[in-house]
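Participant: Sharing a structure here in structure tokens format.
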Amino acid sequence: MKAILYAPNLEVARTLLNAFLKDYQDKAPKVTELVEDAFDDVTAVLPLPEPYRRRAPGQLTGWNGSMRNFAVGNGLSVFSLTANL
């Protein structure tokens with residue numbers, strides 16, 4: 001997940017997203033749907049020049065917290081969601 005957030009450009013982020021979706025579509029369909037739906041919003045800063053890409057710590061904490069709560073609530077391991085990234 002973090003690799004998608006900090007990808008150097010949109011093409012790399014899309015490649016990482018596709019790999020994540022392929023790995024987890026069967027294991028966690030709700031998580032993959034959530035990630036896929038949020039992709040455009042999460043990567044909106046990638047076309048901007050590097051100095052403007054900085055994210056507020058609360059943005060990442062909130063997104064990661066939401067994913068962690070969703071995973072734990074659905075019996076998934078948080079570490080398994082990030083192991084292949």
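Participant: Residues L85, L17: which one is in contact with a Phe, Trp or Tyr (Cβ under 8 Å, 6 or more places away or on another chain) and modelled with pLDDT of 70 or more? I'd like the intermediate steps shown before the answer.
Facilitator: Values: L85 fails: modelled with pLDDT of 70 or more.
Answer to the check: L17.
Participant: Going residue by residue through the stretch 22-42, is there one that turns out to be modelled with pLDDT under 85 and surrounded by 12 or more Cβ atoms within 10 Å (Cβ to Cβ)?
Facilitator: Yes, some residue in the stretch 22-42 is modelled with pLDDT under 85 and surrounded by 12 or more Cβ atoms within 10 Å (Cβ to Cβ).
The values are calculated or read from the model by the stated rules, or taken from the named source; none is laboratory data. Predicted model, so just to flag it, every value in this text is computed and none were measured. Neighbour counts are summed over all protein chains in view; Cβ atoms, including those assigned to glycine, are modelled from backbone coordinates with ideal geometry.
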